[in-house]
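The values are calculated or read from the model by the stated rules, or taken from the named source; none is laboratory data. The structure presented is a predicted model; accordingly, all values stated were derived computationally and were not measured. FYI the Cβ positions are ideal-geometry reconstructions off the backbone, even for glycines, and counts take in every protein chain you see. The accessibility values were calculated without ligands, DNA or RNA, using every heavy atom of the protein model including side chains. Shrake-Rupley method; radii C 1.70, N 1.55, O 1.52, S 1.80 Å.
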Amino acid sequence: MSTLIKGGLVVTQNWKREVVKGDVLVENGRISAVGHAKARPDETVDATGCIVMPGLINCHSHVAMTLMRSVADDVRLEQFLDKTFAIDAKRTAEDIAVGAALGCLEMAKSGTTSFVDLYYSEDVIAKSVEQVGLRACLGWAVLDEEFTTQKGKPIRNCEEFIKAHKNRPLIKPVVAPQGVYVCSDETLMQAKELAAREGTFCHYHLSETRFEVYEYEKKKGKRPVQHLADIGFFSKGDLAAHCVWLTINEVRELAKAGVRVAHCPTSNMKLASGGVAPVPEMHHEGVVVSLGTDGCSSNNGLDMFLEMKFASLMHKAHRWDATVLSAQKCLDMATVEAAKCIGAEKELGSIEPGRKADIVILDANQPGMVPTRPDNVVANLVYAAPSVALRDTMVDGKFVVRERKAVRVDEADVIKKAQDAADGLIAKAKR
Ligand SMILES: [Zn+2]
């Protein structure tokens, strides 16, 4: 099967960060030519007046929580947690499936082709991911038994999930020790060992709020990163979400250990974590940083274009410096750097021959995207209004969104089921 995407403005994200006018040829799920492609493809897609770019990678989410979109806003963190936990405790496997399908649909239609998830029942979520046709690293939540609603031991459940999903083309199973506040040292080390044994990585929350860091320090006498470094928990290739409350020494500790970071600016600003993750320092010290939306209850969407914009604006406003986190840097964090964060730097993140064909096509003739030229296209992608311009999304060489419509699922059906499930959950939680 081959597809020729013809005549677009291609934002390659190759090492020279070239923007070229031309074609992209996709053969058997991989990109085989960029620029001028001489081929007789099975299918030709006209991309005249369009931007062709690598699919975005969302490095931290809880995709099934879309059903909790806008249920607890403009409230303090404790009220936020009370409200979301009350609803979360009532959901069934079916709720998780429809919530995940809605989230995958939202991502596919806003230019995200891969995401990292942290939740339980990832086996249910995997089915929704495959239905919509996205690529995902699914992290089964591991925590101490006393804190969980999972049946059986979380570490065992995670192991079973990994063994059953190891060889799926679009799913990479991951170990997800939820956070130090619900994981003993023993649980953390078991998670680390499981990841090593199964050849995958650990994804976890780390130092998200001041409260969490200060409480931990009171209890353990050390800040979380220092303690985790001392017990030998960190492994090269770990992916830590948030990392808001870090000292410069902790940033250096993460750099030394080869731990990558998923920065979640919208969630951090909205929940008023009170701090700003030291991303410029992470970059300076050589930490690989990507972006994540976090769950829909704290964001309230999964749009990675917005995440790039907010990341840039957050740090510019915080540092009084318009030069920090440039548009190009933010696009890197959502593509090539994100690919490193999930260990897929040779496969994903750019439009180059040999890479997997995860590609997004945007119609640059939308009011909010005009004018678009090779010299301003990256700024338009980060600062203008790209989501409304999204036309097509391809994952692994196959379109999952074409001409603004989901290809593999009945959109109206996914939306109706999600609305009904969310209404039911809220009614149950009120009882
Ligand atoms: Zn999270």
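Here's how it looks for ALA262: its modeled amide H is under 5 Å from those of ALA240, ALA241, HIS242, SER290, which are all 5 or more places away or on a different chain. Per-residue 3J(HN,Hα) values for segment 139-155, derived from phi via the Karplus relation 6.51 cos²θ - 1.76 cosθ + 1.60 with θ = phi - 60°, read x, 6, 5, 10, 7, 5, 4, 5, 9, 10, 9, 5, 7, x, 7, x, 5 Hz in sequence order (x marks Gly and Pro).
Only loop residues by DSSP count here, and only those with at most 12 other Cβ atoms within 10 Å; note down the trypsin sites (Lys or Arg not before Pro) in segment 137-198 that meet that. Write down the numbers at each step before the final one.
Values: sites: LYS151, ARG156, LYS163, LYS166, LYS192, ARG197; in loops: LYS151, LYS166.
For trypsin sites (Lys or Arg not before Pro) across segment 137-198 that sit outside H, G, I, E and B with at most 12 neighbouring Cβ atoms in 10 Å, the list reads LYS151.
Restricting attention to segment 287-431, lysine pairs at least eight places apart or on different chains and with alpha-carbon atoms under 16 angstrom apart total 7.
For the chain, modelled as a GNM whose springs connect Cα atoms under 10 angstrom apart, the maximal fluctuation among LYS356, LYS222, LYS16 occurs at LYS16. Between the Cα long axis of helix 93-108 and the first principal axis of the chain there is an angle of about 40°, rounded to the nearest 10. Once the cut-off is 40 Å, how many percent of the Cα-Cα pairs in the chain end up in the long-distance tail? Above the 40 Å cut-off, the chain has 13 percent of its Cα pairs.
With no solvent and one point per C-alpha, what does the Debye sum give as log10 I(q)/I(0) for segment 74-175 at q = 0.12, 0.16, 0.18, 0.22 Å⁻¹? With one equal scatterer per Cα and no solvent, log10 I(q)/I(0) is -0.44, -0.75, -0.92, -1.20. Each pair of Cα atoms in segment 371-414 enters the Kirkwood radius, and Stokes-Einstein at 20 °C and 1.002 mPa s then converts it into a translational diffusion coefficient of 176 µm²/s. The DSSP beta bridges internal to the chain are antiparallel in roughly 45% of cases.
Pull out a ≥ b ≥ c, the square roots of the eigenvalues of the alpha-carbon gyration tensor of segment 320-387, then state rounded if a/c is under 1.5, prolate if not and a/b is larger than b/c, and oblate in the remaining case. Oblate, since a/c reaches 1.5 and b/c is not below a/b.
Counting other Cβ atoms within 10 Å, keep those with at most 15, restrict to DSSP loop, and tell me which chymotrypsin sites (Phe, Trp or Tyr not before Pro) in segment 266-369 are left. Write out the running numbers ahead of the final one.
On the way: sites: PHE305, PHE310, TRP320; in loops: TRP320.
Loop-located and lightly packed - TRP320.
Extension gain for LYS151 to ALA385 (0.36 nm times residue separation, less C-alpha to C-alpha distance): 79.8 nm. Counting only protein heavy atoms and a 1.4 Å probe, segment 94-249 has 39 square angstrom of accessible area per residue. The alpha-carbon atoms of segment 84-136 define a convex hull whose volume equals 76 cubic angstrom per residue. Annotation: segment 356-431 has a Kirkwood hydrodynamic radius of 14.9 angstrom, from the mean reciprocal C-alpha pair distance. Taking all C-alpha pairs of segment 1-67, those more than 17 Å from each other amount to 48 percent. The fraction of all Cα pairs in segment 165-307 landing in successive 5 Å bins from 0 to the largest distance is 2, 10, 19, 22, 21, 16, 8, 2, 0, given as whole percents. In the assembled protein chains, ASP185 presents an accessible area of approximately 50 Å² (probe radius 1.4 Å).
Couplings 3J(HN,Hα) of segment 41-46, computed from phi: x, 5, 8, 10, 10, 6 Hz, in residue order, whole Hz [Karplus 6.51 cos²θ - 1.76 cosθ + 1.60, θ = phi - 60°; x for Gly and Pro].
How much of the calculated P(r) for segment 276-431 lies past 23 Å, in percent of all Cα pairs?
Numbers: 6022 of 12090 pairs.
The answer is 50 percent, as a whole percent.
The base-10 log of I(q)/I(0) for segment 138-214, evaluated at q = 0.11, 0.22, 0.23, 0.25 Å⁻¹, reads -0.27, -0.95, -1.02, -1.15 [Debye formula, identical scatterers on Cα atoms, solvent excluded].
Multiplying the sequence separation of LYS163 and LYS218 by 0.36 nm and subtracting their Cα-Cα distance, what value in nm do you get? The partial results should precede the final answer.
Working: separation 55, 0.36 × 55 = 19.80 nm, distance 3.83 nm.
Full extension from LYS163 to LYS218 adds 16.0 nm.
Computed from backbone phi, the HN-Hα couplings of segment 10-18 come to 9, 8, 6, 6, 6, 5, 8, 6, 6 Hz, rounded to whole numbers (Karplus: 6.51 cos²θ - 1.76 cosθ + 1.60, θ = phi - 60°; Gly and Pro given as x). According to the square roots a ≥ b ≥ c of the eigenvalues of the Cα gyration tensor, what is the shape class of segment 110-156, taking rounded for a/c under 1.5, prolate for a/b larger than b/c otherwise, and oblate for the remainder? Because a/c hits 1.5 or more and a/b exceeds b/c, segment 110-156 counts as prolate. For segment 59-131, the set of trypsin sites (Lys or Arg not before Pro) satisfying both a DSSP loop assignment and a count of at most 13 other C-beta atoms within 10 Å is given as ARG76.
Measuring how big segment 270-344 is from its alpha-carbon positions, Rg and Dmax come out at 12.3, 34 Å. Determine, from the Cβ-Cβ distance of ALA39 and LYS405 and an R0 of 30 Å, the FRET efficiency 1/(1 + (r/R0)^6), rounded to the nearest 0.05. So, using R0 = 30 Å, E works out to roughly 0.70.
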